[in-house]
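Some notes on the structure that comes next.
The values are calculated or read from the model by the stated rules, or taken from the named source; none is laboratory data. Everything quoted here is computed from the prediction, not taken from an experiment. Cβ sites come from the backbone with ideal geometry, for glycine too, and all protein chains shown count toward neighbours. Ligands, DNA and RNA are excluded from the accessible area calculation, which covers all protein heavy atoms including side chains. Shrake-Rupley method; radii C 1.70, N 1.55, O 1.52, S 1.80 Å.
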Amino acid sequence: MLRVAVTPLLPQSTKLPNKFLVDVNRPFVYLRFDHIGPGAPRSEDEPTSRIWVRLTNNCLIPITVRANGVPDESPKDEVGVQYDVVANPKPQGTVTLSLPSSAADKSEKDKSTDTKDRQGKKQGVPRGYLFHVASLITIDPGEEILFSLPVNHLNRNWHIEIPFNFELPQGKSPRDPLNGGEPLMAVHYSLWDLPPKAQTDLAKK
């Protein structure tokens, strides 16, 4: 009889960290909706209505985000968090539907208005708030920061992405030339992450 001994590559009693999340029912970093309301535009092409959200660190490691200043009339606790506005990926595959002529006309009309403002002007993906010059803001475990974005930075065609990093101890030895690459982390926030009523309100803006 042939017997084969299999040695596991990892110890059988692999242990996970006792605790990583502050609240196990939430992602380790997320955005919490606050409100939609008036706010100071950052440029002439921005609307005066803004979405207010709170970037929350739900893990036991401090995180850092890039930020800039905000207009003087902003709330005293607002932070100018840097983020990018990114086009939503196109669906993979092709689905063919047979619609009655009236429904097909409505569908085409809806598509044509997806990227137009109320004046009928075509809209492209707006420029986000990523700049070369920035300060690093630390968000401690369980803490949050308030920031805002123009209502036109969320759309059925695009979303925002907020880069962040863990605040970890810096090594003192020189970089090993054999090692390369680094993890990239970002919070993605889209129109469908808003509460249902906020989505409805945004459609009226």
Label-point separation (nm) for GLN199 and TRP52, each offset 7 Å from Cα along Cα-to-Cβ?
2.3 nm
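Suppose R0 equals 45 Å. What FRET efficiency, 1/(1 + (r/R0)^6) with r the Cβ-Cβ distance, do GLU44 and GLN92 give to the nearest 0.05? Walk me through the numbers on the way to the answer.
Details: r = 38 Å, r/R0 = 0.84.
It comes to 0.75.
Once fully extended, how much extra length lies between TRP192 and ARG156, figured as 0.36 nm per residue of separation less the alpha-carbon to alpha-carbon distance?
Between TRP192 and ARG156, full extension yields an extra 12.1 nm.
Would you please give the FRET efficiency between GLU182 and VAL133, computed as 1/(1 + (r/R0)^6) with r the Cβ-Cβ distance and R0 = 22 Å, to the nearest 0.05? Could the numbers behind the result be given before it?
Details: r = 21 Å, r/R0 = 0.97.
The pair GLU182/VAL133 has a calculated efficiency of 0.55.
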With a cut-off of at most 15 other beta carbons within 10 Å, and DSSP calling the residue loop, which GluC sites (Glu not before Pro) in region 137-194 qualify? Please list them.
GLU143, GLU167
Solvent-accessible area, 1.4 Å probe, carbon plus sulfur percent, for region 152-203
55 percent
For VAL29, list long-range residues whose amide hydrogen, built 1.01 Å from N in the peptide plane, is under 5 Å from its own amide hydrogen.
ASN58
